Every structure is written in structure tokens, then in C-alpha cells.
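The values are calculated or read from the model by the stated rules, or taken from the named source; none is laboratory data. These numbers were taken from a predicted model, which means no experiment stands behind them. Don't worry about glycine lacking a Cβ; one is built from the backbone with ideal geometry, like all the others, and counts go over all protein chains shown. Each accessible area value is taken on the protein alone, full model and side chains, heavy atoms only, with ligands, DNA and RNA left out. Shrake-Rupley method; radii C 1.70, N 1.55, O 1.52, S 1.80 Å.
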Amino acid sequence: MAVYKKTYRPYEGELTSPLKRLLVIPRYAFEDLHRSKFLTIFFCATFLQPLIFAIIIYVQHNATVFNLVGAQGANRLISINVVFFMSSLGWQSMLALFLASFIGPGQVSPDLANNALALYLARPFSRTEYVLGKMSVLLILLSAMTWVPGLLLFSYQGYLEGWDWMKTNVRFATAIFFGAWIWILILSLLALALSAWVKWKPAAGGLMFGVFFVAAGFGATINAVQRTNWGHLFNISYLIGSVWVWLFEGNNKTTNGAVFFRAPQGEELPLWCSWAALAVLCLICLYMLARKIRGTEVVK
Amino acid sequence: MDSAVIELDGLEVRFGNRAILKKLKASLTGRSIGLLGPNGAGKSTLLNTLLGFHKPSSGTARILGRDIRTHAREVRSLIGYMPENDSFIASMSGVRFVRLMAELAGLPREHALERAHEAFFYVGLGEVRYRALGTYSLGMKQSAKLAQAIAHGPKLLFLDEPTNGLDPPARTRMIQLIQEIRDRGDLHLILSSHLLRDVEECCDQVLILKDGNIAAFCNLEEERRANRRFLEIETRGSNNGDFLDAMEKLGCETAQGAQGRIKLILPDGLEVRRLYEVAAQQNVQIRRLNHKRDSLEDIFLKAMEAPDARS
């Protein structure tokens, strides 16, 4: 039927599946994000670090490259070990925080600011599906820049080093995968929860940084004033760092974390406290989302 | 008898300790149903509950036979909803927004795009469909809301105060659109409004709410039919007696009052036009003609004045 036909007619065709409906939200979100040149360039730039790390791995296994530039033995300067992979994850995770701060608030706040939630939820579409749809945008992008390049680096190293190295260090791969997912989940939930409450994109983005850096500062102040280590519970990068160390090394710790995500030596809290604090943070975010993501707001 | 479009079965909704809807019981069967009531009567809460936004504290409701408690998703797939307040994403173009909403309602991508364009042309916004919704005037926003509500071809359309804030021409256009949709007979309409005129022009059944109770429920179509038969006229002229005789010969029941007032019950098939023709033949002027039975305004006022609304 031509678009100029001015009449109303019912729809008798087939309907899509709930899963396909869920994917409508990320599809539209990606179309919007793709329009922003800044975000596209930033996203592409985040792959610079994995590229450099891949070159390092290559060079490590090709002594001839060092010989060519007259730097025999230079391959001993950088070791491909737990610190190498944890640093790679740390750098990428910090960039993920920036990306989540830029794009996270734009997912929910426009819908809430414009009262569009009633229209989403008046359709065969639940609140959970709405949050999952919005979250999937962050999950996909942040995965692409954290555990995916991390596992590629691990596979590349394993390919060059041999099957034995892979078997010995398989814990690195699981740590990269699960460590990144913990970080991604926290970032995504926090970005959506803050934007649901603030409803104003720039403020929500700013709050994201506030939660990470101001809360860490607050924790450090508690530590200094009370002469304790419990202030670290407010420091999300500390909590993540201590969980990562356990994921990468188990109970035989040789490091205290990676860049940006360190648990200073001598100031460690019990590991379960870090897990519990991260779980509480996630629950708070879920509560905030449950309160705000509604078809209509009840004024009591 | 028609099957119920909406069946309220002891539906109660509470916010905290306060009951907003109080055990409503009704069976609405009309093609277009008006929800009337003063502000705070519970009209929007009723719509929101039927959409699943509020959980009933007791009782339930069925929409086209589906229980809103157990088949919420299925119920929502049958409904098109035009909310009272501005609801859209300001930065999105009109057609893209309607397409998004149609896709979320389950239409495949290509169908959603086609129907979004159609809906925009249908509501008269064809020329501005690529403009950002935030730049639309109030009347255009109302029409865009209607477009998103009908784009996926619902079986039941919820219109919450559709003429809110519209100027007279825009209101007339909106009412015409609603009447057109109603007259096509493809879907049922629920129109919530505090404007009697809107409801009177668009609906054939009316549910009047007051303080969360059903204050009155009437079939406007029957009222209109009764109105058409029962007349009170005021005449001036040479001989009212001859005029009355002539009307009785046409089958009317008549009763003469003071100062040229006459009450008439027209038989089936006799049009009011014949009354004027006979009056002209008898040299009688009809100065005033009233449908004697209650108008919607009378029904509404009576319902509001009643001390206890029925639940």
C-alpha cells in the first residue's frame, strides 16, 4: 500500500518473537551511537592498546626483530605474564568506564525525561526486557573492548608459545572473561541506574565519574581519619582490583592488581568483603532501576 | 448480546492505604466506551491498571476475554495507548519514533516502517514526519501520539484525554479522526475524558467514575434513540389544536401544555422533519424543540450529585 493512502487499517500480518522485539532497542541505540563521530572515533581508538600489546607479543616471539634493530636481549624487558594480561584488562576497563559514562546515560534518561516509558511498557514488553534491551547496548560495546581483545591476546600468545603454555595459564583466560564481565555488569547497572534517577544526560555522566572517584576519595578520607582500611569499601576500583587478583592468581598472590585497579599491599580487606560490597552495589542499582522504570509514576 | 470488551470483576487498586479504584464491577460491550469523571476520579488509574502499570490489590479485569493478571503481555499486544501527557523522545523524528513503537509491538521491521508512514499521513502529519518530535506544536504532538497508538493495528484503543490543550480546529480534527476510526469498526475505543462533549461525540457507552466508584453506566446510543422519540416543543401560531390533530394522525402521542408548549412521543419511523412540515402546513411556528430525556450532561451531573455511587 502506498504511503499516501490516508486510511486506518488493522494489521493482520505475523508478529515477531519476544527475543526479536528485545533486540529492537539495541538496534535503534546503535544507529543513534553511530551518528556520533566522537563516540565512533573513541570506540575505534580503544583498540589501540590491544594492538600495541599484540605487537609486543609478536616481537617477544620474533628475536630477529630485535636483532634487526640491534637490541639483542630486549625481549627480556617485558614478560608476557599475569601482570601483562591484568594491565591489558585494566587499561581497557578504564576506557570502558569512559565509554559507559558517555553512552550509558543516553540510554534511559531521554525515555524518562520525555515520559516515553509508558509507551514502551504499554506494548508486549516487560520492564525487565526494557532494562535488558538498554543494558545490552553497553554489554556488547564494553565486551568488544574488554574481554574480547583480552582473550584474543591470550589466544595469540598461546598460539605463539604453544599448547603447554595455554594449559598452564588457562586461569588467565577465565580471569579475563569473568573479571571483565563483573566490571561490565557494574558499569552497565550503574550507568542505567544513575541516568534513571538523574534523567539529565550530562549530569548522569558526571555522576558516573563521581561514584568512582569521589567515593574513592571519601573512602581514603575515612581510612586516614579513622586509621582503618574499611574505607576501601567505597573504592570501586579497589574492590574490582582485589577480585581480579583472586581471579588471576587464586590464593597465591604475586601482584596487588593492575593499572587503575590496585589493592595496595598491607591494606587488603578480606576478599568476601569485596565481593559483598560489589553485590550490594549491584543490588542498589537494581533497586534504583526497579523504582524508576515504571509505566507510570505513583505520587503518594 | 455482544461479548464484553472490558469486564471489571471486583477490581480494586490501592496506593498504600488509599483505595483509588473500589471493587469496580461492570461489563462494557460498546464499540466506543467513554470514561467520564472529574479529576481524581480514577479514570487514568483504571486505564493504567488495564495496561498492567498498576497491580490490582483485589479482583481482576478481562480485556477481550483475557485476564489482565494472568495474560498481561497478551492483553498489551491487543492495545494501542495514547497517554494523556507528552510521551515521546524529543530528539527522534516522528516517523522513526512511531516505527520504533510499532516494532516493539511486534511488527516486522518493513511493516513497521510502512505503517508508521501510513499512520502519519492518516493523522495529517505526513509533511512533518521527518521532523524531530520536540519541534512539534501541541496539536501535532497529540496527533503523533495517536499515530503511534494505531500504527500496529490494535484491537482496542485507549485514548486518555485526546483533545487536551487543543485549539478548536485541532480538536475538531482529532474528534473526526476518532470518529473515523470508530466507524470503520475494526477496533474498540476507550476514551477517557473530563470533557462531556468529546465523549458524547465519540462514544456509545459511558462509564462515569466518582471517587474510585462507578457512579453511572449508560448506553448513549439507547439514550439518543429515546431522545429522538421524546420531544418537547414550543409553538406560536394560529391554531395549535389543528396542529395537534395533524400530529396524532401521524401516530404521535401528544399532550398540550401552557403557552404553546406541546409534549410529543414520535412513533418509530417518523422523522422530526415531518413535524416541521406539518407545522408549516398548519401555519404554526416551532420556536423551540428539545429532546426531553436526559442529556449526557444531566446524567453526569446526577451521578456527581448522588451521595453514594454504586460500586
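Computed values, structure above
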item	result
Gap separating the Cα centres of the stretch A:179-206 and the stretch A:101-168, nearest whole Å	12
Chain A: C-alpha gyration tensor shape, a/c 1.5 cut-off, then a/b vs b/c	oblate
Spacing of the two label points (7 Å from each Cα toward its C-beta) at B:Ala132 and A:Lys253, in nm	5.0
16 Å Cα cut-off, lysine pairs counted over chain B (separation 8 or more, or different chains)	14
Average projection area in nm² (convex hull over Cα atoms of the protein assembly as shown, one quarter of hull surface)	38.8
Potential extension, B:Arg31-B:Arg109 segment - 0.36 nm per residue separation minus Cα distance	25.0 nm
Residues losing 50 Å² or more accessible surface upon assembly, the stretch A:114-158, compared with the chain by itself, 1.4 Å	A:Asn114, A:Leu119, A:Tyr120, A:Ala122, A:Arg123, A:Pro124
0 to 90° range, to nearest 10: angle between helix A:236-249 axis and chain A longest Cα axis	50
Distance in nm between pseudo-label sites at A:Leu271 and A:Ser79 (7 Å out along the Cβ direction from Cα)	2.1
10 Å-binned pair-distance histogram of the stretch B:228-291 (Cα, whole percent)	23, 66, 10
Calculated log₁₀ intensity ratio I(q)/I(0) where the Debye formula runs over C-alpha points of the stretch B:1-72, q = 0.17 Å⁻¹	-0.59
FRET efficiency, 1/(1 + (r/R0)^6) with R0 41 Å, evaluated for B:Thr254 and B:Met304 via beta carbons	0.75
Area hidden from solvent between A and B (accessible, protein heavy atoms only, 1.4 Å, total, Å²)	4100
Crossing angle, helix A:271-292 versus chain A [Cα axis fit, 0-90 degrees, rounded to tens]	20
12 Å beta-carbon shell around B:Gly134, net charge (K/R +1, D/E -1)	+1
Solvent-accessible heavy-atom area per residue, rounded to whole Å², over the stretch B:228-291 at 1.4 Å	61
Heavy-atom accessible surface of the stretch B:6-211: percent carbon and sulfur, 1.4 Å	47
Rounded to 5, percent antiparallel among DSSP beta bridges of the protein assembly as shown	70
Relative contact order of the stretch B:6-211, defined on C-alpha pairs under 8 angstrom at six or more residues apart (%)	30
Calculated FRET efficiency for the pair B:Leu195/B:Ile265, C-beta based, R₀ 30 Å, to 0.05	0.45
Pairwise FRET efficiency - A:Leu132 versus A:Asn62, Cβ, R0 = 30 Å, nearest 0.05	0.10
Candidate aspartates and glutamates - alpha carbon under 12 Å from A:Lys134, same-chain residues fewer than 8 apart omitted	A:Asp111
Drop in accessible area of at least 40 Å² in the complex versus isolated chain, residues of the stretch A:27-67, 1.4 Å probe	A:Arg27, A:Tyr28
Rounded to 5, the percent of DSSP beta bridges in chain B classed as antiparallel	70
Cα-based radius of gyration of the stretch B:6-211 once divided by 2.2 N^0.38 Å, which approximates compact folds	1.00
Spin-label pair B:Tyr276/B:Phe15, simplified geometry with 7 Å Cα→Cβ offset, distance in nm	5.0
Solvent-accessible area lost in complex, 10 Å² minimum, residues of the stretch B:111-129 relative to chain alone, 1.4 Å	B:His111, B:Glu114, B:Arg115, B:His117, B:Glu118, B:Phe121, B:Tyr122
Other protein chain Cβ atoms within 10 Å, averaged over every residue that makes up A:10-17	6
